[in-house]
Each structure stands twice: as structure tokens, then as C-alpha cells.
1. Would you check which residues across region B:72-95 are touching a residue at least 24 places away in the same chain (Cβ under 8 Å) and either over 18 Å from A:Ala88 (Cβ atoms) or at the interface with chain A (Cβ under 8 Å from one of its Cβ atoms) (or both) and list them?
2. Please enumerate the residues belonging to region D:16-38 that are part of a helix (DSSP H, G or I) and open to solvent by 80 Å² or more (accessible area, probe 1.4 Å).
3. Confirm whether B:Leu13 is touching a helix residue (DSSP H, G or I) at 6+ places or on another chain (Cβ under 8 Å) and open to solvent by less than 10 Å² (accessible area, probe 1.4 Å).
4. Take the residues in region B:16-71 that are in contact with a Cys (Cβ under 9 Å, 6 or more places away or on another chain) and of a type in the set (S, T, N, Q); name whichever of them is modelled with the highest pLDDT.
5. Considering region D:61-78 alone, what residues qualify as being more than 20 Å from C:Ser53 (Cβ to Cβ) and either assigned to a helix (DSSP H, G or I) or of a type in the set (Lys, Arg) (or both)?
6. Looking at this structure, is A:Gln52 in contact (Cβ under 8 Å) with a residue 12 or more places away in the chain, over 30 Å from D:Glu90 (Cα atoms) and open to solvent by 10 Å² or more (accessible area, probe 1.4 Å)?
7. Can you find, within region B:58-71, the residue that is farthest from the chain's Cα centre (by Cα) among those that are buried (at least 19 other Cβ atoms within 10 Å of the Cβ) and more than 7 Å from chain A (Cβ to nearest Cβ)?
Protein chains: 4
Amino acid sequence: MAVRGYTMEKAELGVRLRKIEGQVRGLQRMVDDDAYCIDVITQVGSVCGALQSVAVGLLDQHVRHCVMDAAASPNGDGDRRVDEATRAIERLLKL
Amino acid sequence: MAVRGYTMEKAELGVRLRKIEGQVRGLQRMVDDDAYCIDVITQVGSVCGALQSVAVGLLDQHVRHCVMDAAASPNGDGDRRVDEATRAIERLLKL
Amino acid sequence: MAVRGYTMEKAELGVRLRKIEGQVRGLQRMVDDDAYCIDVITQVGSVCGALQSVAVGLLDQHVRHCVMDAAASPNGDGDRRVDEATRAIERLLKL
Amino acid sequence: MAVRGYTMEKAELGVRLRKIEGQVRGLQRMVDDDAYCIDVITQVGSVCGALQSVAVGLLDQHVRHCVMDAAASPNGDGDRRVDEATRAIERLLKL
């Protein structure tokens, strides 16, 4: 069941990333068409938010797996993987 | 030992928050003294980073407890607490 | 009139920063009272947003002065001050 | 000369956005190849930073034009355009 969940998640990630790729191409068209720069900036903020949502989705999945794996094998490497999650959050927040 | 760790963490959080409070008072002095606004902005960024580090420290602790508790009692409420962690990250990233 | 505007702005900045100082003390109380860490994180995000609003207010003022000064003396140091504003934005976004 | 500068800027923006589009496709490949999620998150942060740099570049250009135009015609619409810049910064910071 975890595998199935992972597969779905992967498909959804693909859909989201293809949409983001389309949004980046949309930004290129805006620049080509001399769109008002304030509108381009607003759209950049929106694409960035979409990317960060993808990152949070991956982080959620990572932490959930840490918890599931700890329940299955209490002496696993949960600590190291929590360290990784924390450093990933720091990078997202640019700390 | 977990309790002891928690106590230390709490003391460290207190130290960090008191330092941040001092930094906010420093910002007030800068404004009172007509400091150059660009310098005030730079300092605001630094205080904000210090606050976000506190939040990431709390998040790390929260996730670590989720993993430890899952190892101790596999049928606990790990899923709900991971949901909370994810929503907290979303709020920090303002998603 | 510009002076008056600046004075008001300074008073408002003081009010906002004192409120933020109070919020940071509130965070300390939350930690002292063992508040649920997710609630502390949410509140940290809110204080950080308040600080960033102060920074944006200062940036708005800075840019507005650049524009006013350029209108008054077209051969001033507008370019250098726009450079400073841009670097300040980069620091706020941690680029 | 301003036109020429704008043209260059536009070409550079195009280059940067095409590079970002390539990075987003790289993210898709990472997900397809089951890359470690922490590595994907790190790369998302990097793409997001590249997008925000594009936005800051546009903002710098916008403010610079406000200042140049104010120097050329002191009674222009500088105030309204500074308002727009400030709101754009707020959106980038998600305030």
C-alpha cells in the first residue's frame, strides 16, 4: 500500500512539475510580449509558491516515511533522516 | 533523558528569544537615532532569520518526538502530528 | 510636508516595533508555559511577517525619496540609492 | 540608450528563464528516476531562488525607470509606480 501511495504521489508530482514548466514558459512569453514588469513579478511569485508546495509535499512524504519506518523498526536510522529533513527545511527558508 | 533534553532545549529557546527581543529593541533605537533605512532593513532580515531558526528548532524537535513515539508505540497518532508539522512548514513558507 | 510625513512614519515604526517586541515576549511566555510547539511556530511566522512589513515600509519610503529627489535634482545619486534598495530586497529574500 | 538597455535586459531575462525551464525539467527527471527526495527539495530551493532573482532584476529595472522618469518629468506618475513596486515586493515576500 505504501508503494501504491508512493506511485500516486510520483504521478501527482509529475503533473505539478509539468504545470510549473508551462508557467515558466508563460513567463518567457510575457517577457517576449513586453508584459508590464509588475505583472511578470507577480507571476514569478506564483510559480515560486507552486515550486515550494512541491517541496513541502516531498518533505511531508519524507517525514511520514520516517515515522512509519520507526514504527516498523524502532532501531532504524530515524534520527539521521530527521536531521536531513531539518536541513532541507533550513534550505527552503534559506537559513 | 528525553525530559532532560527537552529542558535544555527550553533553556536554549529562552536564551535565543531574549536575544531576539534585544535585537528588536535595537531596531527601535536605530529608528529613534534616524539610522539609514537600508541598515534597518538589513537588520530586520537578520532578526527574521533568527526567529525562523527558532521555528525550525521547534519543528525539528516536534518531528523527532513523532519518530521516537512511533518507535515506542507503533499505533500512535504519528500521522496527525506529521500533518501538523507539514501545515506548520506551509505557514513558515506562507503557502 | 516631507519632514512631517517622515516624523509620522517614524512614530508609526516605533509603535509597530514595540508591538513586535511584545510579541517576542509573548513567544517567551509560550515557551515558559510549555505551549504546543506547533502553536509557537505559527506565532513565530506571524512575528516574522510583522517584521518584514516594517522592512517593506522602510523600503517604500526609501524608493519614494529616491523618486522625489530625482524630480528635484535630476543629476543626483538616484542610481546608487536604487542599487542599495535592490540589495536590500535581495537580503530580505535571502538571495 | 534606454531602449537598448531594455533590449539587453530582455535578452538576459530570456536566457535566465530558459535556464530555469531546463531546471524544472531536471526536477521532473529527478522524480522519474526516484532521486532521493531531500535532493529534489534542495534543487527546488535553488530553482526558486533563480526565479526570485529574475523578479528582483525586474523590480530593480522598474524602480530605476521610476527614478529616471521622475528626473525627466518631475510631475509624472512616480508615486503610483512606487506603490506598484511596493505591492510587488509584498507579494514576493507573501505579506
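The values are calculated or read from the model by the stated rules, or taken from the named source; none is laboratory data. Bear in mind that the values here come from a model prediction, so they are computed numbers and not experimental data. All Cβ positions, glycine included, derive from the backbone under ideal geometry; neighbour counts span all protein chains shown. Surface areas here come from the heavy atoms of the whole protein model, side chains and all, with no ligands, DNA or RNA. Shrake-Rupley method; radii C 1.70, N 1.55, O 1.52, S 1.80 Å.
1. Across region B:72-95, the qualifying residues are B:Ala85, B:Ile89, B:Leu92.
2. Within region D:16-38, D:Arg16, D:Arg18, D:Lys19, D:Arg25, D:Arg29, D:Asp32 qualify.
3. no
4. Only one residue fits best here, namely B:Gln52.
5. Scanning region D:61-78 gives D:Gln61, D:His62, D:Arg64, D:His65, D:Cys66, D:Val67, D:Met68, D:Asp69, D:Ala70, D:Ala71, D:Ala72, D:Gly78.
6. no
7. The qualifying residue farthest from the chain's Cα centre (by Cα) is B:His62.
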